[in-house]
Structures are given as C-alpha cells and as structure tokens.
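Step one of this worksheet: look at the structure below.
The values are calculated or read from the model by the stated rules, or taken from the named source; none is laboratory data. On a predicted model such as this, the values are computed, not experimentally measured, just so you know. Reconstructed Cβ throughout: ideal geometry from the backbone, glycine too, with neighbour counts over all protein chains shown. These accessible areas exclude ligands, DNA and RNA; they are computed on the full protein's heavy atoms, side chains included. Shrake-Rupley method; radii C 1.70, N 1.55, O 1.52, S 1.80 Å.
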Amino acid sequence: MRIFILFILFFVSSFLLFCKEKVPSRAQATINSPDGQLTVNFYLNPQAPQYEIRYKDKVVLNPSSLGFRFKDAPALQANMKIERTEVLEEDTSWTPVWGTDHRVRDHYRQMIIHLKERNNPHRLLDLVFRAYNDGVAFRYILPAQREMHKVEIISEETRFRFAHNDTAWWIPADYDSYEHLYSKTALSDIKGVNTPFTIQTKEGYVITVHEAALTDYPAMTLKRLKDRQTDFKSELVPWPDSIKVKHSIPLQTPWRVLIIVSRAKQLLASHLIENLNKPNKIKDTSWIRPMKYVGIWWGMHIGKYTWHSGTKHGATTRRAKQYIDFAATHHIQGVLIEGWNRGWDSWLSGNNVQSYTTPYPDFNLKEVARYARQKGISLIGHQESGGNVPQYERQLTAALDLYQSLGIHAVKTGYAGKMHPSGQHHHGQWMVRHYRRVVQEAAKRQIMIDAHEPIKPTGIRRTWPNMMTREGVRGMEYNAWSDGNPPEHTTILPFTRMVAGPLDYTPGIFNIKFDPSGKHRVYTTLAKQLALYVVLFSPLQMAADLIENYRHQPAFRFIEEVPTNWDETLPLQAKIGDYVSVARRKGNDWFIGTITDEHPRQMQIALGFLTPNRTYEADIYEDSPQTDYDTNPTAIRIRHRRVSSNDTLRVKMTRSGGQAVHLKWSGK
Ligand code: NOJ
Ligand code: CA
C-alpha cells in the first residue's frame, strides 16, 4: 500500500513539477523551489554529472561537476548514464525541543538521479537534490552494490562555480579551528575557506555556503581553483595518511547547502540546516533545558584565577558556593566550574593529561553538587581534553557516569590544543565520529553538551537536542588575552557562523575596561553587551563576567529576564558587518537586540509586529548621551515607555554601541 501511494505521489508530483517548469533545453532534469524562485538544473556530460543553480532566473552557480576520486579504484565521475529519476514534494512541520521558532516548516521539492557507469564495473551513484524556498541542498549516495563494499575517498570532486566575483565574509580553511576574524573580500581573493561563509551579490541576493548532517565524514572546506576567480572545489579535511573518507557502502555524504535569500536579514530566520537533519531521537526530553549560566571562568582568562592548583586556584568549594548563591538569587539557572579536576597542572607543560573524575583537594565535588541541587541550580561540568582525545575517550563513560550520579545534566567539553594522535585534525572524520560519540553517550545519561573547539554545527541539534551549543567561533575569551574582537565582529557572526547553529560566544562582560594596564578590553559599550543576548542565539547562554561585577548593576536585570529559547524570531534590519536588529518572542513578551559596528548609528524600528490593541511596558537599555566607547563605555541609560503596535522605537547607538529592549505585555 505504501509503495503504491509513493508510486502515485511520484507520478502526480512529476506531472505537476514538469508541467510548471521550463526545462532548459540541455538539462536532463530540473526542480524548482516551491515558490518557483530557485531552480536546480541537472546535466549529464560525458566527463561528469553537473548541477546548476538559478535564482529568479539568474545564474547563481554555473554548471558545476560532481564525483569522487578513490585510493584504489578509478574515479566515479565520467561516462555515466541515468538509470532513473524520482521527484517528490514534501511539506511538513515539526516542533523543535528548543530553538529560535516554536514551529518549523519543512517544505521542499526533491529529485533523485540514479546514475550508473556505462562501462565496467558499472558502479552506482545516486544524487539527491532539494530545492527549498530559502536554498538548495544536494548529497551523494553510494548505494549498496556488488562491486563496492567500502571506499577510501581521496577527493570529493564537488565544484562550486559562482557566477560572479562577489563579496564574501569568510574565515580561512583551517582544519583545526574556526576561531578567526572574518575577512571581507572578493571571492577571487580567497584561497581556501571554512564553511559557513556568506556572499553578498551585486544582484542583491545573499548566499551562505555550508553543509548539513555531518555525521561520519570529514568537514568540507572550499578551495579556489588556480587561475579561476570564482571556481571552487570541495576540499575535505584529511586523515593522517591523507585519505579523506574511510567508509563502508552504503554511504550518504552530508548535504552540500547553499542558503539563498533575497536579503541578509533572512539568514537569521532560515531553518534549512536543521530541516536537512533527521528528527529527534531522544524520547524523554524533560531534562533538556535551555538556560543561562554564570561560571568560574572569566577569572582564569584574565589571570585573576588559575585552572591549575596553587594560591590562585579558581575552582574552590567556597567560590563555587558563592557562584551558586548568586545564580539562585538572580534567575540564572546554571553554574559552570572549570579547573575543578586534577590534571590541569599538566596543561602548563603543554601535554594535557587530566582525570575527569578526581577533584582537586580544595574542591569538594560531592558537596558542591549537593549544594547546587539544594538551591535548584544546574551545575555544568567541565571536561577539557586539551586535544588529547585518546586519554579523554578512555575516561569518557566513567566521567559521564560520575556526573549522572551527581544529578548533573550539562557538560562543557574542550579540545583546546594540538590534536593527539598527531596528524589528526579537529575537523577530520575521526574527530567528527568522536564528537558524535560524546553527544550520544551524554544523551544516554541525560546530559546536555556545550562543546568548545568543536566541529561546526550542521543541524545535528534536531536529531540530538542535547547538543545544545558550541563554540567554533572567536568568542569573548579573545578580549581577555589577545588583540580582541573588533566592533564589527558581532555584526558579521549572525550572517556567517550563526547561520550554522547556536554559538557559545559568552557575552555579558560589564567591566568592559577590566585591564588596569589598558592592554586588553572588551570592544563594545555595555548596552551592546546586553543586546548580544538577543542577537546571538544560544540555548545555553552565559553571563560571562565575574559575579562581583554584576552586583548593584541595574542593567543586570535585562540578563535576568532575557530567555534563551524562543517562540518566534523576526529579523528587523541588517547589513552584514555594519548593523543588525532582531526581535524575538517568548510567550507574550518581545525582546529586541540592536547592535552597530565601529560607527555610531540611528535607526527607527516600527513596532507593527506587536499584537494590535495591546499596551506593552518597554524597558529600554541603551547608550546614553554620556556613553563613549573610549572613555565611558559602561554608561548606560535605562528608560521606561509604554508602547503599542502603532509606535516606533528610536535607536541611537554610539560607536560599537547597542540597544536591548524588553517589551512586556501589561495584560491590557
Ligand atoms: C578554551 C575554551 O574556549 C574556554 O572557554 C575554556 O575556558 C578553555 N579552553 C579551557 O578549557
Ligand atoms: Ca576556544
């Protein structure tokens, strides 16, 4: 019966699709997005299968080749024939366990092209293409077949031949880190690039290139082809023996994704990456709780405390209890404690070997866990591998068991440092498997994960919603000990890194000029720090400063009140690298975050999105006339206004300033 329905569906949808669509003369197959704006054309040339993408009938990607090269087998690319084509339209909705919107629509048209080599050994290759209203995705499938049982891929031959030499915001193709500042250049100035990266076209539309459902495969970077300005090739992160992928057959690659939207701000509303992942596998999700957290953390980064033992050791029982007390009285649900376990002294010698189950003598883990439970606070455990993954893997299950036995439901992991064994990379297939294993082992024990130095997000949070947030970004810590993050950095992230998924940026530094020597500071105003809680999405969101810097600060109220999980997201105004303003709703309350780069800026925000005929009490946290980025960045004005959907909100930001607004429905 099911097969019969599928059969009917196939014919009906093929009929509908092909009736509506203009199939270009040479294309062997075509699909359009449901709204008809995006088109994927498939061509089968004797040398290679190719795909082409058009947006509003303008070429986005010129015909670009597909295929593989293997270690011990001929390439799979030339001389193929189409065995069969399937088309399908799906339109469903799903409810995320947490996210930026309460409900997500998943609407696409799909074509699967079943290819077979014309000559011996007649290997099979399936290509799956999907067209959504906000982008295009495709993946390779090597189906089960007699002539192939496993593969060693030395090159995925996917090409991305962009139609124009447009402007991109990108970070380099680093196989071990995403902690870079973004460059803004023409495509022709890129050598290699990590995804996601974003292109603003002269035609006006915007493209983010990324991948989805990276589960057992290396990460994809893109490399520009020599002597070609805008032609790129997929370059996978290698194993130590330079093989890229080791896998049995059948093999499904991650999706290669181009999110294509008419305006940059729409990138904040896209769910394409999540939609390309499998539904939630965790049945009981009651223990998965988005939350804010404080932590014994910034103190180490600014040198006030140490992770390792000694007179400045940060993670003492006493200090942990102070943080728990603070959280309990300030509507903060979690407390992270780093440096609690033995082994951090080995970090100093550059060879990190830790025990994830033995606390330092001045930290009574059981007592701290008991105290936290009593106060209703969730502890966030910490496991820093330092890149020494084998020693971490050996202890992983015991370490997670310990946390489970103490009622701890969240762990921050870390991979800061060079990868062991040497030759492995943070973003290679071996590590992708490791990161996935950690998430699954944690899920078995009802533990949420916040991964630092992670693999980039590719939508796995839909399948494993205990994979809450991750770093994979040049976050706040860089302000503590490096040149820092310039004012424009956080006006680029929402359109690049954040398109992939939530980011543990760790905002909320109130003591902006914390360093008496003047060498380091945070490169924003205080109001901008608050606005980041709305602009940067993370289901675990840190209030990163020392708790003493939050005492007697009226502005802290915004952090107490801002949610970390949303019912609705409404991007308002944006220009990549210049400014961004976004509204998010939780229940009846709306929050607006607006930030600017190194330029002062004024904006008007029409509040027409509020429910009509309601009065909202607006608490507005903004740069004051006295706020000065250099001399007075912590000056903040907090004003109160009654507004309705007919009103307009005025935003006046100083250099690297911002505005954070909480709109509460008064019930009238
Ligand atoms: C780097 C992480 O990003 C940071 O958050 C952490 O404190 C240190 N590693 C130590 O684990
Ligand atoms: Ca880091």
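Filtered by the rule that a residue be open to solvent by 10 Å² or more (accessible area, probe 1.4 Å), free of Cβ contacts under 8 Å to residues at least 60 places away in the same chain and more than 10 Å from ligand 1 (Cβ to nearest atom), the stretch 392-417 gives E393, R394, Q395, T397, A398, D401, L402, Q404, S405, L406, G407. Residues that are farther than 17 Å from E338 by Cα and aliphatic (A, V, I, L, M) within the stretch 373-395 comprise just one, V389. Of the strands (runs of 3 or more DSSP E) lying entirely inside the stretch 147-186, the ones with 2 or more residues being away from ligand 1 (no atom under 16 Å from the Cβ), charged (D, E, K, R) and more than 21 Å from A451 (Cα to Cα) are found at 150-156, 159-162. Among the conditions (1) more than 16 Å from ligand 2 (Cβ to nearest atom); (2) free of Cβ contacts under 8 Å to residues at least 60 places away in the same chain, I207 misses just one, which is (2). Against the definition (hydroxyl-bearing (S, T, Y), without any contact (Cβ under 8 Å) to a residue 24 or more places away in the chain and within 16 Å of ligand 1 (Cβ to nearest atom)), how does S385 come out, yes or no? Considered against the rule, which asks whether it is hydroxyl-bearing (S, T, Y), without any contact (Cβ under 8 Å) to a residue 24 or more places away in the chain and within 16 Å of ligand 1 (Cβ to nearest atom), S385 comes out as no. One residue stands out among those in the stretch 574-591 that are within 14 Å of I492 (Cα to Cα) and among the charged types (D, E, K, R): the one that is least open to solvent (accessible area, probe 1.4 Å), which is D578. Might you check whether a residue that is among the small types (G, A, S) and in a strand (DSSP E or B) occurs anywhere in the stretch 562-582? Yes: the stretch 562-582 contains one or more residues that are among the small types (G, A, S) and in a strand (DSSP E or B). For the stretch 370-391, the set of residues classified as over 30 Å from the mean Cα position of the chain (by Cα) and open to solvent by less than 60 Å² (accessible area, probe 1.4 Å) consists of Y371 only. You will find that of A399, A372, the residue that is modelled with pLDDT of 95 or more, in a helix (DSSP H, G or I), away from ligand 2 (no atom under 16 Å from the Cβ) and closer than 15 Å to G295 by Cα is A372 and no other.
Number of residues in the stretch 271-304 that are in a loop (DSSP other than H, G, I, E, B) and under 30 Å from T253 (Cα atoms) equals 12. When the residues of the stretch 506-552 are filtered to those that are at positive phi and over 26 Å from the mean Cα position of the chain (by Cα), the one that is farthest from ligand 1 (Cβ to nearest atom) is H552.
Does W287 fit the bill of being closer than 30 Å to Y550 by Cα, aromatic (F, W, Y) and surrounded by fewer than 24 Cβ atoms within 10 Å (Cβ to Cβ)? Answer is yes for this residue. Report yes if some residue within the stretch 333-342 is on the phi > 0 side of the Ramachandran plot and modelled with pLDDT of 95 or more; otherwise report no. Yes, the stretch 333-342 contains at least one residue that is on the phi > 0 side of the Ramachandran plot and modelled with pLDDT of 95 or more. Within the stretch 129-177, the set of residues being of a type outside the set (G, A, S) and touching a helix residue (DSSP H, G or I) at 6+ places or on another chain (Cβ under 7 Å) comprises Y132, D134, F162, N165, D166, W169. Remark: pairs (first residue in the stretch 62-87, more than 22 Å from R256 (Cα to Cα); second residue assigned to a loop (DSSP other than H, G, I, E, B); Cβ separation under 7 Å; 6+ apart in sequence or on different chains) = K71/I243; N79/P46; N79/R118; N79/N119; K81/R118. Elements of the type strands (runs of 3 or more DSSP E) sitting completely within the stretch 438-543 and holding at least 3 residues that are open to solvent by less than 10 Å² (accessible area, probe 1.4 Å) and within 16 Å of ligand 2 (Cβ to nearest atom): these cover 448-451. Scanning the stretch 311-328 for residues that are closer than 18 Å to N364 by Cβ, open to solvent by 10 Å² or more (accessible area, probe 1.4 Å) and part of a loop (DSSP other than H, G, I, E, B) yields one hit, T316.
The selection criterion, being within 30 Å of E211 (Cα to Cα), in contact with a helix residue (DSSP H, G or I) (Cβ under 9 Å, 6 or more places away or on another chain) and open to solvent by 10 Å² or more (accessible area, probe 1.4 Å), holds for K281.
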